[in-house]
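Beneath this line is the structure, given in structure tokens, with notes to follow.
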Amino acid sequence: MEANQSHEYHYKVDFYWKSLAMYGAALLIYAIFKGSIEEKTLTIAITDPIVLLLACFVALSAISLFINHHARRVIAITDDSIIFKNRFRERMITLNEIKSIILVKDRRFKMNTLSAVKIRIQGRRRPLRLRPSLFEHEEALILDLKELKQKVHSKKV
């Protein structure tokens, strides 16, 4: 990391876009197949339980997309701190407050991937749990967290 440079990593919302598109397409296709064409008009059965269920999935996906996009979650990593930002507040955790940073590997797969990062903070009972895969530029975020881990470890020794 360059001197006094902040790297920002934004929360990914592409999963919500994809789920909204998939549920919407499934709703449209099922409604068309379930409906009937009479005298050059398409009638759609709205009272069908599967149509209602798919409509609920579409509505919930749209709401979750709106909430997560509106929150604007960001992690900023500087040389001496981690900053968790969202639309409404900002929390800075300095190196002095961090007890340890633990990189948790995914045991389900044989690949060498990280599933989570646990950040132990002084004055807090449970560690902060961060999933790098939920943020853009996952590899760069992991590298920055590893550098921060080395700084925390060297500070303690």
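The values are calculated or read from the model by the stated rules, or taken from the named source; none is laboratory data. All figures in this text were calculated on a predicted structure; none of them were measured in a lab. As a convention, Cβ positions derive from the backbone with ideal geometry for all residues, glycine included, and neighbour counts pool all protein chains shown.
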Point to revise | Enumeration of residues in segment 37-51 that are within 35 Å of the chain's Cα centre (by Cα) and either closer than 12 Å to LEU27 by Cα or among the aromatic types (Phe, Trp, Tyr) (or both) | key: ILE46, ASP48, PRO49, ILE50, VAL51
Practice item. Would you be able to say whether some residue in segment 69-85 is closer than 30 Å to PHE33 by Cβ, touching a residue at least 24 places away in the same chain (Cβ under 8 Å) and out of contact with any Cys (no Cβ under 8 Å at 6 or more places or on another chain)? Key: no
Study note, to complete from the structure: Just one listed residue, out of ILE75, ILE67, is outside any loop (DSSP other than H, G, I, E, B) and under 30 Å from LYS155 (Cα atoms), and it is ILE75
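If you check SER100 against the conditions, is it closer than 29 Å to GLN150 by Cα and touching a residue at least 12 places away in the same chain (Cβ under 8 Å)? Can you show your working first?
Details: closer than 29 Å to GLN150 by Cα: yes; touching a residue at least 12 places away in the same chain (Cβ under 8 Å): yes.
In short, yes.
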Review point. Surrounded by 15 or more Cβ atoms within 10 Å (Cβ to Cβ), under 21 Å from the mean Cα position of the chain (by Cα), among the small types (Gly, Ala, Ser) and in the same structural domain as ALA31 (by TED's automatic domain parsing) - does that describe any residue in segment 99-117?
Key: no
